[in-house]
Every structure is written in C-alpha cells, then in structure tokens.
Amino acid sequence: MAIITRSAPRGAAAVLTANVSDMLRAKHTPTGMKREMHPEALSHTEPHPVYVATLDDLAAGKLLANARQTAWRYLLVQHDEVVAEAEITAGHGGAKGAKSGKRKNLEFAGMTHGPFADATIDGLHIAEALPETARADYELRLLKVPAVYLVALWLHRADDDILIPIGQPPTGLRKNKAYTEAGIIRALRATAERTKAFHEAYETNRRKRRPRKR
C-alpha cells in the first residue's frame, strides 16, 4: 500500500512548465533562492490538491468536511533536490470536501521558495512510515487554515483521515506528528476561539467607526 496522488486536470502540467520556464528565462526567481534554477534541469513531482478551511470551519468542528480545494501544488526538483514549489489554481465552482468537481480556466498561481517545500518532504517521510499507510492507500492532499497559520499534509481515504502539521504549526500542535481531525480541532479549540473573538471585536469596532451618511 502507498501514499497516492489524484490525477490533476488535463493541461495543468503544461501550464506549470510554460510559466516556470518563462519566469526563469526572465530571471524572475523567487526571493531567497539558494541556488540558480535552470529550466532544462528542472522536473516536478506529481501534484497534490490544496484545500483551504476557514476559521469558522475550525470553530464549528467541520475542518475537513468544509475544506474547499483551491489549487494543485507541485514541488520543483533539480538534481534530486526540492528547490521550490508552484501552484496551479483549480478554477471556480469546486465542491467541498472530497468532491473535486470539474475544473476550468487553469491559471499559474505562482512559484515560491520557502520552508514548506522542504517541510513537505520531511512530513512525507513520517507519513510513509505510519502503520496506516502500510496497510492501505491514502491520497495525499495539503490542508491550509490561514487564520491560525496551520499547514498540514492531509492523508485521505474514504473511511479515514490523517493530518500531519508541517513547518511551524500553531501552539498546541507538534510538527511531523500524525493527528486525527478530532485531535487537531481539540488542540486548536482555544486558539480558534481567541482568534474568532478578536476578529469579531475588530469588525464591531470598524463598523462603529464607519462615518454616517448624511
């Protein structure tokens, strides 16, 4: 058994290759690149879908059910080293949760170099060593909850989900540790409540300061 990837929309790889090649030829490389990238030496991994959940999803305890796919993510490889990551937008009208829907108007969302590229590889090593992935196939996804600065590998199958926070996860979670959805929600409950209260207070204050129409 293994960690598997779902097929990306037709044409996504072509959109990726054309845009990355154009950027590199124009010397528009991501800030902080440690080594020069050459189009002819680059390859990419199979993509995995990117899902985004909101603060309300987290606070309501519907983190995965309400997560919406927004993009396809590729890791860019040069000489067997991950050097960057890039995303292709998944288009509009995507369904929630595991339903991906039909994708139209694929667009290049950008190329970045940052800690999450290397962190993904570290997280995958942990994922591949789990007893669950030795017994069954799990689909690889990436979950983002921007409101609480959470980025996690999401291993999905019809009857099970495993989340592995990567990078520097929020307080209450350990990076590269496998969690259930319930474990993530429980660990972040206090953070979600504080963040939600802050946002609500900010919006209330902003509305009070809005000038009245005469």
Would you mind giving the average projected area, over all directions, of the Cα convex hull of the range 128-211 in nm² with one decimal?
6.9
Scoring the chain by relative contact order with C-alpha pairs under 8 Å, at least six apart, yields a percentage of 20
For ASN176, distant residues with modelled amide H under 5 Å away:
ILE166
Sorted by packing (mean other beta-carbon atoms within 10 Å per residue), highest first, where do 48-58, 109-119 land?
48-58, 109-119
Would you kindly give the portion of the calculated P(r) for the chain that falls above 26 Å, as a percent of all Cα pairs?
42
So, counting K/R as plus one and D/E as minus one, what does the shell of residues with Cβ under 15 Å around ASP122 add up to?
-1
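Taken together, the values in this text are just the output of simple stated rules run on the coordinates, not laboratory data. What you see is a predicted model; the values in this text were computed from it and never measured. Glycine also receives a Cβ, built like all others from the backbone with ideal geometry; neighbour counts cover every protein chain displayed.
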